[in-house]
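The next block holds one structure in the form of structure tokens; read it before the comments.
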Number of protein chains: 2
Amino acid sequence: MDRSVEIICIGNELLIGKTLNTNAHWLTKRITLLGLATRRVTVVGDNINEISCAIQESIHRSPSFLLTTGGLGPTFDDKTLEGLAEALGRRTNVNEEALKMIKEKYLSYAQEGMMDAAELTPPRVKMAKLPEGAKPLHNPVGTAPAVSVKHKSVTIIALPGVPSEMKSIFDESVAPVMKKAACGVTFFETSITSTNVMESEMAPLIDKVMQTNPRVYIKSHPKGTERVPYIEFHLSTTAKDANAARNRVSEALIQLTELIQGKGGKIKPTKPET
Amino acid sequence: MDRSVEIICIGNELLIGKTLNTNAHWLTKRITLLGLATRRVTVVGDNINEISCAIQESIHRSPSFLLTTGGLGPTFDDKTLEGLAEALGRRTNVNEEALKMIKEKYLSYAQEGMMDAAELTPPRVKMAKLPEGAKPLHNPVGTAPAVSVKHKSVTIIALPGVPSEMKSIFDESVAPVMKKAACGVTFFETSITSTNVMESEMAPLIDKVMQTNPRVYIKSHPKGTERVPYIEFHLSTTAKDANAARNRVSEALIQLTELIQGKGGKIKPTKPET
């Protein structure tokens, strides 16, 4: 079973430096902890052709899952479903189930006294125009449903860009499916920080530990400079058995610590990322 | 003159959700303010084939500039230059100018008393192995030089992943070239926030303002929900003349404000992004 995932984040705001892409960060972390592996994140603007091309290219690489974020709302710049339909060579139609979801939301708003919510205007119907064969996913927080469609071997899920909506739909509808696809594989990681020894001096040590522990991936993250060395070592692995994963990482950690100390490095606990 | 830019961010830490991609955010903002336009951001892992494919795909789309971040350091997981060479069908060789830069850095560290810095070890020489025809760019902060190479019409610049190094090289060596390429085009943006009216009700207003002001891009960013509407409207344009850009956005802003208020919306100043 291939456990690969791709993410396409859609929105001009991500390409002009207005918005920091916290959605990709949140999703990649969750996907990793669920036992799957994100292979690529792509960011494109609010342009049907760009969206369609990015989706087609991703499908061509055959990930198990392709998630998109953004572009599901009622305004003209929300173009994800059109781009998705174009990529799949399908038409968009008003999906009755999606329309019902949207109708019920606005009805409840109207009942709460929002007079403008009574009518099913074209911008609201737009959110129910899904590619043929796609199905809507319940949005616990907002109005636009997410959209799921299978194409060849790829499960494509279009999530909204508003973080609270994206997260709640992921947790409710995507995470359970991904957990199942992971077939019990878990990810385990740990990290230590060392001072006093340059990264270029550490290179052969890392090589040595990875040779002895071929299933543990070790990555050095220089947080200082060669002149004032302050390096984080991140060790990770995936395994079917959580204990096996932990033991595997621990063995590599012990060997690495000894080698670093042998070079005169001082090991410190890693400060959490900000 | 095409003003398009692509960015490829390289690093497993970005795909497992360990590191938030602030590099892409910083670069896209700077590129926009310099008058160029980022068309795509791609994130791939520390894998020569993945890096090479992403670079080849980008070159195929012919942006004026392709920037990469990450993977220039001395350890085994730093694979950007190998991936770049593979994408261009070129070999890597020790570049004498790059080697000199690196040698001088370590010599200065050794002179400051870092005994381990005296020798030009293989991990240090590795940072000077550039694709044929590429040239190194001075790194004012760290050790690994950045790398610049022209391929067909694309200027490719490989920047380090450490933010302080990436930023200083961009400011010193990349920004001046990009500013020139922008030929005086400037970007202008402003934004307002409105409460009280749902985004779905705003859709026709935005369409109207964009029809009257076809060169202004207006994007609505829902910060609340349809039920408790809180929407940011971001207006932007690019023009050769900064005053023309400002006036163009101002005209659209006035019209949009009037239409929103006509619907019963309350305009508030936009809170800065966090």
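Side notes on the structure shown:
- Across the copies of the chain, A:E119 has label points (7 Å from Cα along Cα→Cβ) spaced 8.0 nm apart, shortest distance listed first.
- Surface composition of the protein assembly as shown: carbon and sulfur atoms hold 53% of the protein heavy-atom accessible area at a 1.4 Å probe.
- Degrees between helix A:48-60 axis and first principal axis of chain A (Cα, 0 to 90, nearest 10): 50 degrees
- Distances between equivalent label points of B:G133 across the copies, with each point positioned 7 Å along Cα→Cβ, amount to 4.2 nm, shortest listed first.
- Packing-based order for B:171-181, B:136-146, using average beta carbon neighbours within 10 Å, highest first: B:136-146, B:171-181
- 7 Å along Cα→Cβ, label-point gaps from A:E258 to other copies, nm, shortest first: 7.9
- Taking the charge dipole of the stretch A:141-274 about its Cα centre, with +1 at Lys and Arg Cβ atoms and -1 at Asp and Glu Cβ atoms, the residue from A:G265, A:L205, A:T143 reaching farthest to the positive side is A:T143.
- What the Kirkwood sum gives for the stretch A:4-181 is a hydrodynamic radius of 16.3 Å, with every pair of different alpha carbons counted.
- A crude spin-label estimate for the pair B:E119 and B:T257, with each label 7 Å from Cα along the Cβ direction, gives 6.9 nm.
- Size-normalised alpha-carbon gyration radius of the stretch B:1-100, reference 2.2 N^0.38 Å: 1.11
- Gyration tensor over alpha-carbon atoms, the stretch A:186-269, equivalent ellipsoid semi-axes in Å: 23, 12, 10
- Average accessible area per residue (Å²) across the stretch A:123-274 - probe 1.4 Å, nucleic acids and ligands excluded: 44 Å²
- Heavy-atom accessible area buried between chains A and B is around 6000 Å² (1.4 Å probe, both sides summed).
- Within 10 Å of each Cβ in B:136-147, the average number of Cβ atoms from other chains: 2
- To the nearest ten degrees, helix B:22-33 and the longest principal axis of the Cα atoms of chain B are 60 degrees apart.
- Angle between chain A longest axis and helix A:242-262 axis [Cα atoms, degrees, rounded to 10]: 40 degrees
- Extents of the protein assembly as shown, largest first, come to 75, 58, 39 Å (Cα atoms, principal axes, whole angstrom).
- Per DSSP, loop trypsin sites (Lys or Arg not before Pro) in the stretch B:232-274 with at most 14 further Cβ within 10 Å: B:K240
- The stretch B:78-109: trypsin sites (Lys or Arg not before Pro) in DSSP coil with no more than 13 other Cβ atoms inside 10 Å: B:R91
- Here is how the number arises for chain B: DSSP H runs of 4 or more residues each give -39500 (n - 2.57), the sum is divided by the residue count, and the result at 222 nm is -12000 deg cm²/dmol.
- Size descriptors for the stretch B:1-58, from the alpha-carbon set: Rg then Dmax equal 12.4, 38 Å.
The values are calculated or read from the model by the stated rules, or taken from the named source; none is laboratory data. These numbers were taken from a predicted model, which means no experiment stands behind them. Methodologically, a virtual Cβ is constructed for each residue, glycine included, from the backbone with ideal geometry; neighbour enumeration extends over all protein chains shown. Side chains included, ligands, DNA and RNA excluded: accessible areas come from the protein's heavy atoms. Shrake-Rupley method; radii C 1.70, N 1.55, O 1.52, S 1.80 Å.
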